[in-house]
Amino acid sequence: MDQVSPPTPTRAYRSALRAEQARATRRRVLVAATALFLESGYAATTVRAVAGRSGASVPTVEALFGTKARLLKAAIDVAIAGDDEPVPMLDRDWAQEGLRAPDVRSLLRIAARVLGAAQERSAGLVLAAFEGAGSDPELAALAGRLVEQRAGSAAWLVDVVRRLSPLREETRHPADAAGRAAAREAAVDTVWLLLDPAVYERFTRRLGHRRADYEDWIARTIEHALVPDSPPSTHPTTRSSS
């Protein structure tokens, strides 16, 4: 029988080159789409406009992403993560660093640093999806997935906090399973609300604060909302000599 020859190095090189070119085209399209969604809004942005700005053809953009809603979803994913690597946010190095944090304050500083950067890149795009969800079923489905993702992030953060400290609400409920579950649910709801991209937009654009200010504020606010206040330290009273 004839033996099948292994692929030649030249063929493998050409395959790798084509894959890298396709990835570079995808990145260009996402950069162009992100800029147009933020400049013009979702409704006014067309696939043709994205193709024109990115230097790709309309069929290429459609082949890569399908619909405009899927293009927005891809732009949001890259904006949140900061890259196009297919690694979920909670599987990244920062999350492992957070799991090793020695106390709640250290954990929240790590999370706030990542959250601030992600909000700066993605808040406008996420809000565009929410704004168009009322009239576009595909955007409504996307908005629903984004809400679920935020809930998952909030639950992860609350659960890691609970490893380091009892929750504020746990000190107010009976120390049984139902009480602990109620306290956790209340904490997740609170963090979910605080992580809303509209909060970031209002804090920075409307109130004029910097991203660093937001990171400090969100860490302090979550800590105050979730963790019981430390008892005041007592110092011995110095009595004056008579």
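Please treat every number below as a calculation from the coordinates, not as lab data. Since the structure is predicted, the reported quantities are computational estimates derived from the model, not experimental observations. Heads up, the Cβs are rebuilt from the backbone with ideal geometry, glycines too, and the neighbour counts pull from every protein chain shown.
Quick notes on this one:
- Residues in the range 145-158 carry Karplus couplings, in order, of 5, 5, 5, 5, 4, 5, 5, x, 5, 5, 5, 4, 5, 4 Hz; the curve used is 6.51 cos²θ - 1.76 cosθ + 1.60 with θ = phi - 60°, and Gly or Pro positions show x.
- Neighbour-count order for LEU108, LEU17, LEU38, fewest beta carbons within 10 angstrom listed first: LEU17, LEU38, LEU108
- The residues neighbouring ARG26, those whose beta-carbon lies less than 11 Å from its own, together hold a net charge of +1 under the Lys/Arg +1, Asp/Glu -1 convention.
- A straight line joining the Cα centroids of the range 63-126 and the range 171-224 runs 17 Å.
- Sites listed here are trypsin sites (Lys or Arg not before Pro) in the range 35-119 whose DSSP assignment is loop and whose Cβ has at most 16 other Cβ atoms within 10 Å: ARG92, ARG100.
- Within the chain, helix-based [θ] at 222 nm, where runs of 4 or more DSSP H residues each add -39,500 (n - 2.57), nearest 500: -22500 deg cm²/dmol
- Summed residue charge, Cβ within 14 Å of ARG70's Cβ, Lys/Arg positive, Asp/Glu negative: 0
- Rounded D (µm²/s) - the chain, Kirkwood Rh over Cα pairs, Stokes-Einstein at 37 °C, 0.692 mPa s: 156 µm²/s
- Electrostatic tally near ARG109: other residues with Cβ closer than 11 Å to its Cβ, Lys and Arg +1, Asp and Glu -1, net -2.
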